[in-house]
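As structure tokens, the structure follows; a few thoughts come after it.
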Number of protein chains: 2
Amino acid sequence: MGAVTEGGDDLCGGDLGSHPVAGLTTVLQALADPVRLAIIRAVAAEPRTCGGFDVPVTKSTLSHHFRVLREAGIIEQRCEGTRKLTSVRRAELEAAYPGLLESILSAPVEEAAAR
Amino acid sequence: MGAVTEGGDDLCGGDLGSHPVAGLTTVLQALADPVRLAIIRAVAAEPRTCGGFDVPVTKSTLSHHFRVLREAGIIEQRCEGTRKLTSVRRAELEAAYPGLLESILSAPVEEAAAR
DNA sequence: GGTATTGTTCGATCGATATCGTACCAGCTA
DNA sequence: TAGCTGGTACGATATCGATCGAACAATACC
């Protein structure tokens, strides 16, 4: 079975989107962070690259958060030249935990709290 | 230094149920633990006391988890003699984050994983 | 009164993780 | 070719939190 046929250039399409949606605890843990929550809100509104966030962390920390979200099966990333386009895996998430993402995205945004 | 003299009528009625539902991050963090998830599932099915759980932790750890859930506004506890009856604050939670509790409770139960 | 039951609190331990800085790598672009 | 940009990898640090045991408190029961 073809792993990922992204239409030609699959230089990075290998394991970036192949993570299945993780267990409930893992997913909740991935969501239970203000930075990641901000990421998901922004990405859910419109897929974007790492540069498109205004969270007050360095890019290495941002990369770490992306990995956590990716490994929880919440987001997927697609190479776009030198950039990486991040998007929420709405369908898979909805299939695994119906209503969860919806209820979280529709919750009021908390003000950024130092942690 | 004795003479606390609290009168003895309502030792626990005060702040055990008065916590408002916390912010989304706090609530998700409170939910993102297998032990607490098990507690909530059990309590949601039927309010019960601390002894009514089969989680593999000591009672002090259990007490800690109850405090976290209580302070997140997810559960409330009522004194019942020497016992404490715990129940989920469904209405308040539903008002704060519609659909959240529902989606979590209806998710498949993960097998207990060592953490 | 004395004992058992139920639960909290405190101190200690120990693993998880959020964060940063630096180095590094892969594509663009001049 | 070199430089620039977006992103990852790795090591170090520091804080958070889950866990336990022991001590304590309050009520029920004999």
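The numbers here are math on the coordinates, done by the rules we state, and not lab data. These numbers were taken from a predicted model, which means no experiment stands behind them. Cβ coordinates were reconstructed from backbone atoms using ideal geometry, including for glycine residues, and neighbour counts include every protein chain displayed.
Skipping prolines and chain starts, which residues have an amide H placed within reach, meaning under 5 Å, of the one on B:K84, given they are 5 or more residues away or on another chain?
The answer is B:C50.
Distances from A:A91 to the same residue in each other copy, label points 7 Å out along Cα→Cβ, in nm, shortest first?
4.1
Relative to the other copies, what are the label-point distances for A:V57, with labels 7 Å from Cα along the C-beta vector, expressed in nm at one decimal and sorted shortest first?
2.4
Cβ under 9 Å from A:T49's Cβ, A:T49 left aside: what net charge do those residues give with Lys, Arg +1 and Asp, Glu -1?
Within the 9 Å Cβ shell, the charges total +2.
Using a Förster radius of 22 Å, what is the FRET efficiency between A:E80 and A:D54 based on their Cβ-Cβ separation? Nearest 0.05, please. The partial results should precede the final answer.
Numbers: r = 20 Å, r/R0 = 0.92.
It comes out at approximately 0.60.
Compute the Cα gyration tensor for the stretch B:24-105, then decide on rounded, prolate or oblate, letting a ≥ b ≥ c be the square roots of its eigenvalues: rounded whenever a/c is under 1.5, prolate when a/b is larger than b/c in the other cases, and oblate in all that remain.
Values: a/c = 1.75, a/b = 1.42, b/c = 1.24.
In terms of gyration-tensor shape, prolate.
Taking B:S106 in one copy and the same position in all the others, each labelled 7 Å out along Cα→Cβ, what are the pairwise distances from the first, in nm, shortest first?
Copy-to-copy label distances for B:S106: 1.3 nm.
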